[in-house]
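The values are calculated or read from the model by the stated rules, or taken from the named source; none is laboratory data. Here the structure is a predicted model, which is why all the values come from computation and not from measurement. Positions of Cβ are backbone-derived with ideal geometry, glycine not excepted, and every protein chain shown enters the neighbour counts.
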There are 2 protein chains.
Amino acid sequence: MRGVVMHAPGDVRVENREDPRIEAPTDAILRLSATCVCGSDLWPYRGVDKVEGPSPMGHEYVGVVEAVGSEVTTVKPGQFVVGSFWASDNTCEVCRAGYQSACVHRQPMGQFGSQAEYLRVPLADGTLVGTPEVPSDDLIPSYLAASDVLGTGWFAATAAEVGPGKTVAVVGDGAVGLLGVLAARQLGAERIIAMSRHESRQQLARQFGATDIVTERGDEGIARIKELTNGLGAHSVIEAVGTQESMMQALHSTRPGGNVGFVGVTHDVSLPGMDMFWSLVKVQGGPASVRRFLPHLMELIGNRTINPGLVFDLDLPLDQAAEGYRAMDERRAIKTLLRP
Amino acid sequence: MRGVVMHAPGDVRVENREDPRIEAPTDAILRLSATCVCGSDLWPYRGVDKVEGPSPMGHEYVGVVEAVGSEVTTVKPGQFVVGSFWASDNTCEVCRAGYQSACVHRQPMGQFGSQAEYLRVPLADGTLVGTPEVPSDDLIPSYLAASDVLGTGWFAATAAEVGPGKTVAVVGDGAVGLLGVLAARQLGAERIIAMSRHESRQQLARQFGATDIVTERGDEGIARIKELTNGLGAHSVIEAVGTQESMMQALHSTRPGGNVGFVGVTHDVSLPGMDMFWSLVKVQGGPASVRRFLPHLMELIGNRTINPGLVFDLDLPLDQAAEGYRAMDERRAIKTLLRP
């Protein structure tokens, strides 16, 4: 099959890779309908994370079940499915508490490389959620978004305890931040402040439900959020970048007793104890437990309540993956969808 | 009046200080029934925090109202009252959300020095909670504990989202940690693991409701907590020390999706972003909003449901404050009560 392989920073190629096959009785093989490039794929692409030899890429996926192992009971060949970027058994104590991304048997899907024609999914019963019918083509991007960026934005909003009557600020205007805006809207936030200085992203933020845009960053951004919130800060702040500046911006934009939900993969970040202490802010983040939210999100997509697929502003054949990476790296595209 | 003044690390004296008087119409003056030495008073005593010239000491207090300003309506002369170590208006948006320690008009009570015969309390209506009658002498230590250590342990347990069915671990066997155990018990925890290597403190922990004692610290302590919790970690961890080691011990003793409530005043602590990210633990701490809990705690004390005053294992006249500090510094005493 064809699949994306990263050889070195900036060097992404579409090559022949071995077809995946059932290895365990709990596996499923998917023929992928669509896959995409993640903001986190840019860390190795930019050389911030090390590239250890040629690596298959991608961890977001939707597709049709091609084959299942003998123990798989909840999905069957021909069915359209969405899965999270962590495979999980969905039965252990941690899964049952809603933290499938920390399942005691979790496996990162990135190791299998979903930017490809086919994908092996372990723990298929716990990981995959099917739709009643194969959805129409125009819904594919939204289902694909559910696999990571929508689920991650939703997790961040939940970690930030977004709810009715609250003011929410969103740090980061990538796909996850923008879908954090959408999640905040769905979860009933009264006011949603998107922090962005890019006009096209501001526009999408408004479309997803942002009521205010703040273009300032760092201390100026914090001051602006306070101005908009009686000097107190937002109740809930979603952090979707992962740098020291963005984390401090999130922490100090939150009122005492408020919440930060952070999902940017933290790079060289450290939270000063004194800032945490005096802020009185509740902070939770990490790899999103997308699986917790998948059934609900897929319902909202299926009945066209939400349209998270709008974050894909570049749609390319898989073979043009290199251009898809480049466009995101240069911020010409918010998110690239790849069609195998 | 007589009052404690710290001149330098290790140098605590009881001296004549000026009698406090009503300065604002919202003030009250208390004749103190009891006061005490806090673990946080040991930071300057040990020279970790700087001592800027002679400083009146103390921020915990119970007493009888001596006089009130013209605008005070909720407490009156002759009434026995307890207050938090932060004065707060209890009416602003932050107070109403339960974070009186971050009240927009807050004043730290430490600046007035409660280790004395009399004390001025600003924002008396918002800060003080009275009892229906002057309580019997044997209840005084417990009411005094409510002023800080009990309220702080309770805040930590609440921040750690302690509740029925949960396993709680407590890092720190000082008065706050021990009363965190008591709080966890009252809040319905199923299992409470106290981390302590001091026999007398272990005994008090058990008396307050600890079901297990772990004597190991650091990585060994974390491993022991995991052993006791199916390899997952506790649902809720109370951190009541404030060092890097204790914070990391708390974070890594908590299961994914669990909670850390930290109330040790953080000294040179920084939380690595990657540890926070991969832990998926929700962390909240800071100066406890004791005022939120005071009415409930005072009720539990008044009807003798709880006996937090047991943490005072040294009871001295105010004039012997220096010995009170020494005993705590040398860990001969858990907490020293001082009688003016």
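Tabulated values for the structure
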read-out	value
Among the residues listed as B:A210, B:A205, the single one being part of a loop (DSSP other than H, G, I, E, B), buried (at least 24 other Cβ atoms within 10 Å of the Cβ) and in contact (Cβ under 8 Å) with a residue 12 or more places away in the chain	B:A210
Residue selected from the range A:148-162 under the condition out of contact with any Phe, Trp or Tyr (no Cβ under 6 Å at 6 or more places or on another chain) and closer than 18 Å to A:T336 by Cβ, by the criterion nearest to the other protein chains (Cβ to nearest Cβ)	A:T152
Qualifying residue in the range B:131-140 (condition: buried (at least 24 other Cβ atoms within 10 Å of the Cβ) and in a loop (DSSP other than H, G, I, E, B))	no
Exclusive hit being under 14 Å from the mean Cα position of the chain (by Cα) and under 29 Å from A:G285 (Cβ atoms), set A:L144, A:L123	A:L144
Search result, residues across the range B:266-287 that are within 12 Å of A:F277 (Cβ to Cβ), assigned to a loop (DSSP other than H, G, I, E, B) and within 7 Å of another protein chain (Cβ to nearest Cβ)	B:T266, B:V269, B:G286
Given (1) modelled with pLDDT of 95 or more; (2) crowded, with 21+ Cβ neighbours inside 10 Å; (3) not polar (S, T, N, Q), number of the condition A:A8 does not satisfy	(2)
Some residue of the range A:21-37 being under 30 Å from B:L232 (Cα atoms), aliphatic (A, V, I, L, M) and part of a strand (DSSP E or B)	yes
Filtered residues of the range A:247-257 (kept if part of a helix (DSSP H, G or I) and over 16 Å from A:A157 (Cα atoms))	A:M248, A:Q249, A:H252
Selection count where residues are within 17 Å of the chain's Cα centre (by Cα) and buried (at least 24 other Cβ atoms within 10 Å of the Cβ), scope the range B:149-173	15
Qualifying residue in the range A:236-245 (condition: within 9 Å of chain B (Cβ to nearest Cβ), of a type outside the set (S, T, Y), outside any loop (DSSP other than H, G, I, E, B) and buried (at least 24 other Cβ atoms within 10 Å of the Cβ))	no
Qualifying residues in the range A:298-321 (those that are under 13 Å from the mean Cα position of the chain (by Cα) and under 11 Å from A:Y143 (Cα atoms)) - the one surrounded by the fewest Cβ atoms within 10 Å (Cβ to Cβ)	A:G309
Of residues in the range B:255-265 being among the small types (G, A, S) and more than 7 Å from every other protein chain (Cβ to nearest Cβ), the one farthest from B:E161 (Cα to Cα)	B:G264
Among the candidates A:V62, A:V94, A:V104, residue that is touching a residue at least 40 places away in the same chain (Cβ under 8 Å) and either in the same structural domain as A:L139 (by TED's automatic domain parsing) or within 23 Å of A:V149 (Cα to Cα) (or both)	A:V62
Selection count, the range A:158-183, where residues are in a helix (DSSP H, G or I) and under 20 Å from A:P256 (Cβ atoms)	1
Qualifying positions in the range B:99-130 - in a helix (DSSP H, G or I), within 14 Å of another protein chain (Cβ to nearest Cβ) and not aliphatic (A, V, I, L, M)	B:Q100, B:S101
Residue identified as at pLDDT below 95 and under 25 Å from A:M1 (Cβ atoms) among A:V68, A:V82, A:V64, A:V51	A:V51
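Residues are listed down the side, and each one gets a yes or a no for (1) surrounded by fewer than 23 Cβ atoms within 10 Å (Cβ to Cβ); (2) within 27 Å of B:L280 (Cα to Cα); (3) without any contact (Cβ under 8 Å) to a residue 24 or more places away in the chain:
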residue: A:R13; (1), (2), (3): yes, no, no
residue: A:A28; (1), (2), (3): no, no, no
residue: A:C38; (1), (2), (3): no, yes, no
residue: A:V48; (1), (2), (3): yes, yes, no
residue: A:G58; (1), (2), (3): no, yes, no
residue: A:S70; (1), (2), (3): yes, no, no
residue: A:F85; (1), (2), (3): no, yes, no
residue: A:N90; (1), (2), (3): yes, yes, no
residue: A:Y99; (1), (2), (3): no, yes, no
